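Contents: one structure, followed by commentary.
The values are calculated or read from the model by the stated rules, or taken from the named source; none is laboratory data. Just so it is clear, the structure is predicted and the values come from calculations on it, not from any experiment. We place every Cβ from the backbone using ideal geometry, glycine too, and count neighbours over all the protein chains shown. Accessible surface areas use protein heavy atoms only, side chains included; no ligands, DNA or RNA. Shrake-Rupley method; radii C 1.70, N 1.55, O 1.52, S 1.80 Å.
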Amino acid sequence: MTSIAPAAPAADLALPRWSARACAAADRADVLALFADPGFFFRTDRPDTRPECEIDRLLGDDTRVLCADGEPAGLYALEHEGSEHGCHYVLHLRLRSDAPPHWWRDAYHEIVRALRWRHELVRLSVRFPEFDPAGLAFARSAGLTEEGTLAGVTTYEGRRRGTVFFSQVWAES
């Protein structure tokens, strides 16, 4: 007889319980460790070359520590794009390098769910450098609309590289 019960999820596909908190002094060591990773592109294209004072400026009052099962796994921040009443926002989202791709999608969906509880969202934009395979893979696998690339905004490995813009738009109800 064939079972119709769903298969148990593979351990490598398990999803953590997500939580977030304002970035505080108690998080300093964990946050600095995130920026030591050369692929941790949170508001910068060169995370592992930034001194602590520059990292402090990147964080800002809007930065939240994203935790997976209570452990810091990344950062995110939301900022207005355009006028405050326009309901257009930019989400800066970064998970640590060892976070599996399905974590990115799940974290994004949880963040959006929480944001929509507090804000009216018309358009949410995320941006990733052309040389960021994790960010680009996440955005494309999450079904975000790829809007285009602003070319030549940074130099990476001796070449001028661009920023790829993605968005999600909600229709008016």
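Given a 10 angstrom Cα cut-off, can you work out which residue in PRO72, PRO47, PRO16 is the most mobile in a GNM of the chain? It is PRO16. If you take the Cα centroid of segment 115-173 and the Cα centroid of segment 66-105, the two points sit 12 Å apart. Taken over segment 35-143, the percentage of Cα pairs per 10 Å bin, counting from 0 up to the bin with the maximum distance, is 13, 47, 34, 6. Accessible surface computed residue by residue for the chain, with neighbouring protein chains in place and a 1.4 Å probe, gives 58 Å² per residue.
Based on DSSP H segments of at least four residues, each scored -39500 (n - 2.57), the chain has a per-residue ellipticity at 222 nm of -7500 deg cm²/dmol. Note on the chain: dipole from Cβ charges, positive end direction compared against SER97, PHE128, TRP18; the farthest Cα belongs to PHE128.
When +1 charges are put on Lys and Arg Cβ atoms and -1 charges on Asp and Glu Cβ atoms, the dipole computed for segment 132-173 relative to its Cα centre reaches about 240 debye. A simple charge model with +1 on the Cβ of Lys and Arg, -1 on the Cβ of Asp and Glu and nothing else charged puts the dipole of the chain at about 200 debye relative to its Cα centre. If I build a Gaussian network model for the chain, linking alpha-carbon pairs within less than 10 angstrom, which residue out of ASP45, ASP98, ASP62 has the largest mean-square fluctuation? The residue that fluctuates most here is ASP98.
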